[in-house]
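One structure is given below, encoded as structure tokens.
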Amino acid sequence: MTEVVDTVVIGAGVIGLAIARTWAKRGHDVLVLERAPRIGSEISSRNSEVIHAGIYYPSGSLKATLCVAGRSMLYEYCETHHVPHRRCGKLIVASDRAEIPTLEQLLVAANRNGVSDLRWLSAAEAIALEPNLACVAALHSPSTGIVDSHALMTAFLGEAEDHGAQVARETRFERAAVRDDRFVVSTVGRDGQRYEISAHHLVNAAGLGAQDVATAIDAMPLAFVPKRFLAKGNYFRLVGTAPFSRLVYPVPEPGGLGVHLTLDLGGQARFGPDVEWIETIDYGVQPGRGEKFYRSIRRYFPALAHGQLVPDYAGIRPKISAPGAPNADFVIQDATVHGVLGLINLFGIESPGLTASIAIADRVAERLAQGA
């Protein structure tokens, strides 16, 4: 038998669940396919859990627009749905005078993106806020925060299910074909049985697997599937009491935002991610990478003692820009691009995807409603 639904969403990470919630609330029948036993077990649970202000991204880009809009939406959602979070603020620090021009450029970019609360701090002002800090200047972002990503995804899931959506865990997408203006989606369930689902809309929110999904859709022109590059980010946990009450970021580096200090809601401090370009998915953290962490961190936290860092976890960003190339924007791709009515592909949804998740879901829902 073939199950019939309005919309199939592939991927039960924070983006897929946000889309399912938004579209189900608009009265549509939604089925989410997730190959893993748990929701959000890849990108969505292997990041810094930071609510970004919208500072780093090119003006007018989807990353800038959806991050700034999504940040406000996310704070409101967390407050109204009792999702644990904290607006703790962040310092972006210049460790030597050669980095001050980059800090100045970030301030200009932030203002251009609509982040109006960023404040320039002298070294003395920054150290007054965080006595363990070493820097020559800093930017203070009071609207940066942290969130319990699992609690957020659970809230999205609960709302989606309350409005009739379903999540099929341990169900692997195999391929899709277009027949009579509908998608016939072939899957393999946890019992090894093959199932077919007929859907009017198909949303590819598969994260690290988005390219594989797109190439398995018969009608999808392969010229519009961007190459995937894997940027692994390793994290190390700090042994002992957290030395800062705010997040601390160095100036950005190619491929990422530098080895920064983040906090979880329990007050535990961790450092990362770094940028390690890899060929195959691997979540192991090599203890030897800690030496580079010590060198990077001591530029802004010189009191870090040897032995205080222990390997924690790793995440992988699904980049669509090659090593050394400028960071690519989010890609939210519909029929106006690839010509397949009812299909939306999301590629390169890395940071600030968590922050922008509700805004991304709204954008996808608008395109679905327009018939794209």
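The values are calculated or read from the model by the stated rules, or taken from the named source; none is laboratory data. None of the values given here were measured: they were computed from a predicted structure. For neighbour counting, all protein chains shown are included, and Cβ atoms are generated from backbone atoms with ideal geometry for every residue, glycine included.
General observations
- Test: residue in the stretch 336-351 that is surrounded by 21 or more Cβ atoms within 10 Å (Cβ to Cβ) and over 22 Å from R175 (Cα atoms): yes
- None of G60, G114, G70, G27 is buried (at least 18 other Cβ atoms within 10 Å of the Cβ) and either over 23 Å from E253 (Cβ atoms) or in contact with a Pro (Cβ under 7 Å, 6 or more places away or on another chain) (or both) except G70.
- Restricting the stretch 141-154 to residues that are surrounded by fewer than 20 Cβ atoms within 10 Å (Cβ to Cβ) and not hydroxyl-bearing (S, T, Y), the residue that is nearest to G54 (Cα to Cα): P142
- Note on the stretch 234-255: residues that are at positive phi and either surrounded by 17 or more Cβ atoms within 10 Å (Cβ to Cβ) or hydroxyl-bearing (S, T, Y) (or both) total 1.
- Single condition E159 does not satisfy, out of (1) over 23 Å from the mean Cα position of the chain (by Cα); (2) surrounded by 19 or more Cβ atoms within 10 Å (Cβ to Cβ): (1)
- Residue that is in a strand (DSSP E or B), aromatic (F, W, Y) and either outside the structural domain of Y313 (by TED's automatic domain parsing) or within 19 Å of R87 (Cα to Cα) (or both), where the choices are Y249, Y235: Y249
- Conditions (1) surrounded by 21 or more Cβ atoms within 10 Å (Cβ to Cβ); (2) under 30 Å from I19 (Cα atoms); number of the one not met by H82: (1)
- When the stretch 199-210 is filtered for residues that are in a strand (DSSP E or B) and of a type outside the set (A, V, I, L, M, F, W, C), the ones remaining, listed by number, are H200, H201, N204.
- Of all residues in the stretch 61-109, those satisfying the criterion of being of a type in the set (S, T, N, Q) and either in a helix (DSSP H, G or I) or closer than 21 Å to G267 by Cβ (or both) are T65, S72, T80, T102, Q105.
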